[in-house]
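Below: one structure, written as C-alpha cells.
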Amino acid sequence: MDRLLLEDADLFRFIAHLVACKTVYAPQRKGADSYVFAPVDDPQAVVLDYPRTLHSIKKYFLPPREELLSFNLRSNAFAAAEVEPVNAIFLGVHSYDLHAVLKLDHNFSQGNAERNYLTRRQGAIFIGVSYRPDRFHFGGSVGIPVADTTGCDLFLHRLDRGHVVEIVSDTGRELLRGLDLPAFTGELPRTADFEQHIYLPQGKLTEVFARGYQSGIWEEVAEKCVGCGTCNLVCPTCYCFNVEDEVDVSLEGGSRQRHWDGCMLREFSQVAGGEVFRNNLAARQRHRVYRKFKYISDQTGEPWCVGCGRCTAYCTAGISIVNIVNRLVQEHDWANAAKL
Ligand code: SF4
Ligand code: SF4
C-alpha cells in the first residue's frame, strides 16, 4: 500500500519517530506572522499548515555565509574548509521549494561542480506537504501544482483531520518502518486553486521575453523599487554570492568567506576600478526577471521561478513579479512577433 492515513492524533508520534531517526528540520512559527525552517526539538512546535517560510530550505545547502578556506600568510599555505553532508529529514516542504532545490542542483552541477553545495545535499530526505495557495503563490503558472510530489520521499496530503501519507520513494517507505499507520483507500483530497496566474506558459513567454528588453515597464517598476535586494535574498532559486578574503588582526592569516549576494544590490555589479555596469534600478529589475524567465530558461526550457511568491510578499515597495510578467505579455506585439 502506497498511501497511509496519518490522523492528527498520531502527528506528534509521527514527528517524534522522525526525530528518533535523524535530525529533522521543519516549519515553525517565528514572531506573530512568520515561519522559518528550524531544527525540531519539540514535535508540538512544528506547523504543517503555513503559507510560506521566510527563507526556503536552500539555506541548509547554501548557507548565507560560509568559510571556503583558511590561509596562513607566513607559510603561504591554505586549507579548504570541512563540509559535511546535511544528512537530515526536511519535513513539511512545499512543492515549489522542493523544485527550487532541484533547480539549484542543476545550477551547481553545471561546469565546475560546486563541492560545498553538492556535499551538503547528500543524505537529505524530503517530506512534502500540500498547502493552501494565498494571494502570492502562483506555482500552477510555472508547472508546479500544490500536490506535486517531484523530489519527495514522502508527501503529506492535507485532510480535514489529518493527512494522507503518500509513499514516493523506497527511502520514504523505510522511514515509516515501525510506525504502523493504517492504509488509506479513499480519493486524494482536491487542492485549492491558485488566485495568481501568469497569463502564458514558458513556451510562449520565450517569445515575450525575446522582445521585452526595451519595454517601458522596467523604468516604471524602478520608480517604486528601493533597491533593497530583499527579493533576491528570499528567492529559493537565487544563488549568486560574493567571495571576500578576510585577514585577521595578527595579519598572519585569515579566511575566504562566501556570502549571499543579489543582482538588485548596486555593489553586486561593481567591478575593479569602481565601474558599476548595472547602475540603474531599471536595468537591475530587468536582469532579475530575465534570470527567472529567459537566461536560464532558454537553456532548460523551464522557468527558473517556482512561484513561491516570496519576492512579492516581502517586497518593500509592493512590486509583483507576476504583474511585471503579465504586463510584458499584454504589451507584446503578437502580430509582428512572427517576424523575429
Ligand atoms: S524587494 Fe522590492 S524594493 Fe527591494 S529590490 Fe526587490 S523589487 Fe526592489
Ligand atoms: S522569483 Fe519570486 S516567486 Fe519566483 S521563485 Fe523567486 S522569490 Fe519565488
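Bear in mind that the values in this text are calculations on the coordinates, not laboratory data. Small disclaimer: the values here were computed from a predicted structure and weren't measured. Here the Cβ is made from the backbone with ideal geometry for all residues, glycine too, and neighbour counts use every protein chain on show.
General remarks:
- The lysine pair tally for the chain, using Cα distances under 27 Å and a gap of 8 or more places or different chains, is 22.
- Taking 4.7 Å between C-beta atoms as the pairing limit, the chain has these partnerless cysteines: Cys21, Cys152, Cys225, Cys228, Cys240, Cys263, Cys305, Cys308, Cys315.
- Difference of contour (0.36 nm per residue) and Cα-Cα distance, Ala113 to Glu246: 45.4 nm
- The phi-based Karplus calculation (6.51 cos²θ - 1.76 cosθ + 1.60; θ = phi - 60°) puts the 3J(HN,Hα) values of the stretch 226-237 at 9, x, 7, x, 4, 4, 5, 6, 9, 6, x, 10 Hz, whole numbers, x for Gly and Pro.
- Gyration tensor (alpha-carbon) shape descriptor, the stretch 178-321, a/c threshold 1.5: oblate
- By the beta-carbon count within 10 Å of each Cβ, the least crowded to most crowded order of Arg65, Arg3, Arg173, fewest first, is Arg65, Arg173, Arg3.
- In a reduced charge model with +1 at each Lys and Arg Cβ and -1 at each Asp and Glu Cβ, the stretch 202-337 shows a dipole moment near 540 debye about its Cα centre.
- Whether the chain is rounded, prolate or oblate, judged on the alpha carbon gyration tensor where a/c under 1.5 counts as rounded: oblate
- Residues in the stretch 155-167 carry Karplus couplings, in order, of 9, 9, 8, 5, 10, 4, 10, x, 9, 8, 8, 8, 8 Hz; the curve used is 6.51 cos²θ - 1.76 cosθ + 1.60 with θ = phi - 60°, and Gly or Pro positions show x.
- Virtual paramagnetic centre 7 Å along Cα→Cβ of Thr185, amide N under 14 Å, in the stretch 1-23: 1-5
- Residues whose amide H falls under 5 Å from that of Gly309, counting only those 5 or more places apart or on a different chain, are Phe138, with hydrogens built in the peptide plane.
- Between Gly253 and Leu73, Asp248, the built amide H atoms are under 5 Å apart, and every one of these is 5 or more places off in sequence or on another chain.
- Rough spin-label spacing in nm, given labels placed 7 Å along Cα→Cβ, for Val47 and Ala81: 3.0 nm
- A straight line joining the Cα centroids of the stretch 128-185 and the stretch 60-94 runs 31 Å.
- In this structure the amide hydrogen of Leu159, modeled in the peptide plane, comes within under 5 Å of the amide hydrogens of Val164, none closer than 5 places in sequence on its chain.
- Taken one residue at a time, the phi angles of the stretch 142-147 give Karplus couplings (6.51, -1.76, 1.60, θ = phi - 60°) of 10, x, 10, x, 4, 9 Hz. Gly and Pro are set to x.
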